[in-house]
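Note sheet for the following structure.
Bear in mind these aren't lab numbers, they're just calculated from the coordinates by the rules spelled out. Remember, it's a predicted structure, so these values are computed and weren't measured experimentally. Virtual Cβ from ideal backbone geometry, glycine too; neighbours counted across all protein chains shown.
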Ligand SMILES: Cc1cc2nc3c(=O)[nH]c(=O)nc-3n(C[C@H](O)[C@H](O)[C@H](O)COP(=O)(O)OP(=O)(O)OC[C@H]3O[C@@H](n4cnc5c(N)ncnc54)[C@H](O)[C@@H]3O)c2cc1C
């Protein structure tokens, strides 16, 4: 059931088997599996998933290669709700480990928000990441192209960039290093620092060996129309023509709500075992948030693995949730 401010009271005393933070590809997949294991589930999602910014999902078996991410989310949510899972639009602020259960504090609504605490036995962190973008004076100019032909993921979109004039926009010398694997797809590469960091002589040598151009001037704006970027205008008014771009500036990891819990991280990613259990026995991590490959197919598989392990845990500790036939007959 889709919970609203008014229907929240119906779930006041409930202890869910699993609370899933994030209703992207990973969280929805987990929710579908959990409900099919007859476990009670609440997914809480603040919206604007990375999957939502994905204009076309190019590489998912069984889906047309121009399927928009928002369509995957819509279908996934409908599927989950059809299995009687609970779903709430809200922002998870804090998780407290109470021993047997978690207390999960949620903010609901932006203007005049209300707060509610939910309880669950297990927690799945499927809250993902979000890509940092070039910081220009007019950010709308960046949003006009990001996720269209200004890509953020080489694995997702290297194929779309093949043999095209590609700009690489980095936030450090190491982040610009993505130009070298991009060279598998196209030799026509120009790197941009936006005047934000220095580049070492060794790196310059490496670029010139590959025949890549380096531009260190500030960027004034991206050029183009209808969400198709055609180049970059620099601070001095000169124009670099491009057919496509790749932003490589790192990401924000959505883990603030886990700050009170001691978990193992690698960089910003949560470390898990092969069933996606973190270093806490009742917290699982799925999708882009965990160490691994940031792809929808992986996120969906992660959800299946985490849900299956949680079902195994609960089944092994409880045995069964059914009354015996004799007890049913006696009732
Ligand atoms: C432009 C673009 C193109 C891409 N193209 C492809 C492609 O072609 N193929 C491919 O396989 N992958 C592609 N990807 C990658 C793919 O989108 C991700 O790997 C996938 O979305 C990860 O799913 P997720 O569920 O882990 O995270 P997300 O989809 O980001 O979902 C996480 C959800 O958690 C929510 N959340 C975060 N914090 C909180 C909180 N505190 N409380 C409540 N909710 C919270 C977020 O708002 C979000 O809705 C692309 C990504 C981008 C950005």
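Classified by the C-alpha gyration tensor, the stretch 133-248 has an oblate form. Its axis ratio a/c, with a ≥ b ≥ c, is 1.5 or above, and a/b does not exceed b/c. Inter-label distance, residue 82 to residue 115: 3.9 nm, where each label sits 7 Å from its Cα along the C-beta direction. Taking a ≥ b ≥ c as the square roots of the eigenvalues of the alpha carbon gyration tensor, the chain is prolate, as a/c is not under 1.5 and a/b beats b/c. With helices as the sole contributors, the chain gives -7000 deg cm²/dmol at 222 nm; each DSSP H run of n ≥ 4 counts as -39500 (n - 2.57), and the sum is divided by every residue.
In this calculation the C-beta distance from residue 273 to residue 98 is compared with R0 = 22 Å, giving a FRET efficiency of 0.40. Could you identify which residue out of 30, 301, 285 has the top mean-square fluctuation in a GNM of the chain using Cα springs shorter than 10 Å? Looking only at 30, 301, 285, the biggest GNM fluctuation is shown by 301. Working from Cα positions, state the angle (0 to 90°, nearest 10) between the long axis of helix 69-82 and the longest principal axis of the chain. Between the helix axis and the principal axis of the chain, the angle is about 0 degrees.
Modelled this way, with points 7 Å down the Cα-to-C-beta line, the labels at residue 297 and residue 330 are 5.3 nm from one another. Applying 1/(1 + (r/R0)^6) with R0 = 51 Å to the Cβ-Cβ distance of residue 6 and residue 160 gives a FRET efficiency near 0.70. Considering only 31, 167, 237, the mean-square fluctuation computed in a Gaussian network model of the chain, springs between alpha carbons under 10 angstrom, is largest for 237.
Residue ranges 149-159, 121-131 sort as 121-131, 149-159 when ordered by packing (mean number of other C-beta atoms within 10 Å per residue, highest first). Here's the picture: a label point sits 7 Å out from the Cα of residue 71 along the beta-carbon direction, and within the stretch 139-156 nothing has its amide nitrogen under 16 Å of it. Once the Cα atoms are used to define both axes, helix 296-318 deviates from the longest principal axis of the chain by about 20 degrees. Once the Cα atoms are used to define both axes, helix 25-36 deviates from the longest principal axis of the chain by about 20 degrees. For the stretch 133-248, DSSP calls about 40 percent of its internal beta bridges antiparallel. Treating r as the C-beta distance of residue 52 and residue 238 and R0 as 51 Å, the FRET efficiency rounds to 0.90.
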